[in-house]
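The structure under discussion appears below in the form of structure tokens.
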Amino acid sequence: MTVSQALDAAAERHPEQPLVITDEREHTYAGIRQWSRDIAAGLIANGIEPGDHVAMVMANYPEFVAVKFAIARVGAVCVPINYLFRGPELGYVIDQSDAKLLITMDRYRDLNYLESLDGIAPGWEADGGGVTIPQLRTIVVFSPDGEDRPGTTTLADLVAAGTGEARTELSRRERVLEPTTYSDILYTSGTTGRPKGVLLTHDQVVRMAYAAAYQRALEDGRRLGFPMPMYHVFGYLECLMAATFVGGAIVPRVVFDAKDMLSAIARHRVNEVVGVPAVTLPLLAELQRGEYDCSTVHTVFSSGGAAPPTIWGDIRTGFGDVEMTTGYGMTETTAATACTMPEADNEVLRTTNGRLRFAGAAGDPALGGMIATYKAVDLDTDEDLPPGEEGHLLARGPVITHGYYNKPEETRLAFTPDGWFRTGDIGTIDAEGNLKLTGRLKESFRVGGEMVMPKEIENVLALHPGVAEAHVCGLPHQRMGEVGCAWIIPRDADDPPDRDELVQFCAARLARFKVPRHVILMSSEELPVTVTGRVQKFRLTEMAKERLGERAPA
């Protein structure tokens with residue numbers, strides 16, 4: 001199916017069931033389907049053809065869902081942009097993606113997108129991208145607070161433009177749109193540098209959504225609460241699209257606040273809490289401070305970033321005897337290609353990222369019913385390794401991206417000559433198909449020629465009673481090539497652990513070359529993470545150079 005056909009099939013089965021629940025109202029499947037058709041007719045009236053690219057800058061409002069399905073419905077390719085991007089970053093993605101139409105919020109917290117557009121393309125209200133981004137013809141503005149800027153084309157204007165002729169054309173397109181065409185260009189969250197546009201097809205998106213519902217055993221009507229942005233695969237695939245297969249509902253939060261989210265969980269009877277560690281940990285801390293009714297929660301899905309080993313016990317303490325799930329995936333694999341089963345015990349959760357994802361009817365028979373398969377290869381020779389051996393993880397399967405938009409060289413480098421995708425992650429796959437992530441290839445560093453995996457050092461530091469979080473990066477060194485630098489978030493800011501003590505703590509447990517040369521204390525607010533909770537190690541390296549100054553190794 002296509003993305004919009006998946007919605008339509010769900011709307012036929014559950015027309016009056018809620019799909020999107022906010023504090024203000026519930027939007028039913030039938031309502032979202034009609035809303036998306038109205039927007040789709042407006043897109044056609046504005047000249048959007050099949051294959052055109054439509055960008056959107058929008059937080060987790062119901063409008064995101066309606067616009068997302070509308071773009072799919074007309075056969076266009078959706079380019080959902082990270083709404084934390086500022087002027088130059090925003091301009092880069094709009095231009096690089098060849099977007100012909102942009103639908104954007106006017107503002108989000110302290111970000112004013114209209115002012116950014118004023119700087120990128122002056123006169124955009126009438127001229128679109130102008131001479132700066134000539135392919136961008138139209139910019140549509142959505143104002144969450146209803147205060148429209150004079151002279152702009154609003155989302156309501158777009159809907160009003162949908163003529164009878166446009167609706168007739170829409171019906172024709174809905175009949176002929178092929179699932180093998182591209183539905184999305186999702187830009188990577190940028191832990192290693194400038195984002196790249198990952199190409200995904202309708203088939204990959206729907207296949208992954210089915211797999212997510214299938215392996216996680218979503219029951220009819222499951223309600224998923226989350227604050228992760230739906231421009232990312234976690235919110236988009238694992239939540240919104242997965243819900244459509246069981247007549248479920250999403251309870252997305254526009255801004256994450258632990259108190260607000262816990263209150264929403266009680267108010268909207270959420271069944272599954274979905275988050276990255278940057279979400280899960282504050283929720284657990286708030287549960288210790290206040291009283292919240294989480295009696296409807298029976299599942300917690302926490303994945304996507306580094307977390308202390310104690311998180312699973314803390315989840316049970318905070319939410320009760322709930323099912324716990326974690327997984328492994330990336331934008332290039334559409335979403336999680338490995339995931340723990342609902343019945344997994346704590347040891348599996350602590351030591352693995354789950355089993356390769358079995359997908360039932362959506363699986364590939366050639367892969368034994370899975371949506372992707374993996375192998376580990378030697379870090380230096382690229383030779384295949386036996387099960388359980390640590391190496392660079394390579395993937396292939398029907399949900400693996402075809403490449404990066406307008407980046408042929410990056411696409412070529414991302415794949416082996418025989419078609420395996422280079423994930424850039426380091427880990428193991430055992431004989432039973434359990435995948436364990438141990439580090440990032442680009443985050444790894446060599447000390448005196450010895451490869452060091454930051455994850456190994458971070459796991460040791462996490463055992464120290466004074467450490468809440470540890471993040472390790474490499475720093476250039478004239479003699480050793482690189483040395484380790486550990487950033488520490490203390491468990492008690494008023495009584496932080498001694499730096500020398502932490503070095504000795506590591507020295508007693510790690511080979512000498514793995515022991516961090518530098519230890520820097522920081523607050524959680526200083527930690528550079530993407531909105532999906534992934535720590536930007538390259539920024540930690542830059543920060544370490546600035547912080548250490550003259551003490552930084554040459």
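The values are calculated or read from the model by the stated rules, or taken from the named source; none is laboratory data. Here the structure is a predicted model, which is why all the values come from computation and not from measurement. Here Cβ is always computed from backbone atoms with ideal geometry, including for glycine, and neighbour counts include all displayed protein chains.
Counting just the residues of segment 154-181 that are polar (S, T, N, Q) and surrounded by fewer than 13 Cβ atoms within 10 Å (Cβ to Cβ), which one comes out farthest from I139 (Cα to Cα)?
Taking segment 154-181 first, the residues polar (S, T, N, Q) are 154, 163, 168, 171, 180-181.
After this cut, where a residue has to be surrounded by fewer than 13 Cβ atoms within 10 Å (Cβ to Cβ) as well, the list is 168, 171, 180.
On the way: T168: 24, S171: 25, T180: 28 Å.
Ranking the candidates gives T180 first.
May I ask you to list pairs of residues, at least six apart or on different chains, whose Cβ atoms are under 7 Å apart, with the first in segment 123-140 being assigned to a helix (DSSP H, G or I) and the second being buried (at least 16 other Cβ atoms within 10 Å of the Cβ) and not acidic (D, E)?
Partner pairs satisfying both residue conditions: W124/L117; W124/I139; E125/T152.
A55 - would you say it is surrounded by 23 or more Cβ atoms within 10 Å (Cβ to Cβ), free of Cβ contacts under 8 Å to residues at least 40 places away in the same chain and not acidic (D, E)?
Numbers: surrounded by 23 or more Cβ atoms within 10 Å (Cβ to Cβ): yes; free of Cβ contacts under 8 Å to residues at least 40 places away in the same chain: no; not acidic (D, E): yes.
Here the answer is no, as A55 does not meet what is asked.
Return the pairs, sorted by first residue and then second, in which the second residue is surrounded by fewer than 16 Cβ atoms within 10 Å (Cβ to Cβ), the first residue lies in segment 336-354 and is in contact (Cβ under 8 Å) with a residue 60 or more places away in the chain, the beta carbons are less than 7 Å apart, and the residues are 6+ apart or on different chains.
Correct list of pairs: P342/A217.
Would you please list the contacts, defined by Cβ atoms under 6 Å and residues six or more apart or on different chains, that run from a residue in segment 214-227 that is under 16 Å from S303 (Cβ atoms) to a residue that is of a type in the set (D, E, K, R)?
Pairs found: Q215/R357; L224/E272; P227/R253.
How many of the residues in segment 253-276 are in a helix (DSSP H, G or I) and in contact (Cβ under 8 Å) with a residue 60 or more places away in the chain?
Step one: filter segment 253-276 for residues in a helix (DSSP H, G or I), giving 258-267.
Filter once more, keeping what is in contact (Cβ under 8 Å) with a residue 60 or more places away in the chain: 264, 267.
Adding up the residues that qualify gives 2.
Scan segment 329-353 for residues that are in a helix (DSSP H, G or I), surrounded by fewer than 21 Cβ atoms within 10 Å (Cβ to Cβ) and not polar (S, T, N, Q) and jot them down.
Step one: filter segment 329-353 for residues in a helix (DSSP H, G or I), giving 331-333, 346-351.
Subset that is surrounded by fewer than 21 Cβ atoms within 10 Å (Cβ to Cβ): 346-351.
If the condition is that a residue be in a helix (DSSP H, G or I), surrounded by fewer than 21 Cβ atoms within 10 Å (Cβ to Cβ) and not polar (S, T, N, Q), then E347, V348, L349, R350 are the ones that fit.
Can you tell me which residue among L413, L379 is part of a loop (DSSP other than H, G, I, E, B), of a type in the set (A, V, I, L, M), modelled with pLDDT under 95 and surrounded by fewer than 16 Cβ atoms within 10 Å (Cβ to Cβ)?
None of the other options fit; the residue is L379.
Taking segment 12-36, which residues are of a type outside the set (D, E, K, R), over 27 Å from the mean Cα position of the chain (by Cα) and not in a loop (DSSP other than H, G, I, E, B)?
Taking segment 12-36 first, the residues of a type outside the set (D, E, K, R) are 14-15, 17-22, 27-32, 34-36.
In the following step, the residues that additionally are over 27 Å from the mean Cα position of the chain (by Cα) were identified as 14-15, 30, 34.
Once the filter is applied, which keeps residues that are of a type outside the set (D, E, K, R), over 27 Å from the mean Cα position of the chain (by Cα) and not in a loop (DSSP other than H, G, I, E, B), segment 12-36 yields A30, Q34.
For segment 316-328, how many residues meet the condition of being assigned to a helix (DSSP H, G or I) and either under 16 Å from R289 (Cβ atoms) or in contact with a Phe, Trp or Tyr (Cβ under 9 Å, 6 or more places away or on another chain) (or both)?
In the first step, residues of segment 316-328 are kept if they are assigned to a helix (DSSP H, G or I); the result is 316-319.
Those left that are additionally either under 16 Å from R289 (Cβ atoms) or in contact with a Phe, Trp or Tyr (Cβ under 9 Å, 6 or more places away or on another chain) (or both): 317-319.
Final tally of qualifying residues: 3.
If you check every pair at least six apart or on different chains, which have Cβ atoms under 8 Å apart with a residue in segment 95-120 that is surrounded by 17 or more Cβ atoms within 10 Å (Cβ to Cβ) first and a residue that is assigned to a helix (DSSP H, G or I) and among the β-branched types (V, I, T) second?
L102/I94; I103/V67; I120/I94
Of the residues in segment 355-374, how many are in contact (Cβ under 8 Å) with a residue 40 or more places away in the chain, within 18 Å of G329 (Cβ to Cβ) and part of a helix (DSSP H, G or I)?
2
Does L199 satisfy the condition of being touching a strand residue (DSSP E or B) at 6+ places or on another chain (Cβ under 6 Å) and surrounded by fewer than 22 Cβ atoms within 10 Å (Cβ to Cβ)?
On the way: touching a strand residue (DSSP E or B) at 6+ places or on another chain (Cβ under 6 Å): yes; surrounded by fewer than 22 Cβ atoms within 10 Å (Cβ to Cβ): yes.
Yes: the conditions hold for L199.
Please count how many residues of segment 436-478 are assigned to a strand (DSSP E or B) and within 15 Å of P308 (Cβ to Cβ).
Keep residues of segment 436-478 that are assigned to a strand (DSSP E or B), which gives 436-440, 445-447, 450-452, 467-477.
Filter again for within 15 Å of P308 (Cβ to Cβ), leaving 467-472.
Total meeting the criteria: 6.
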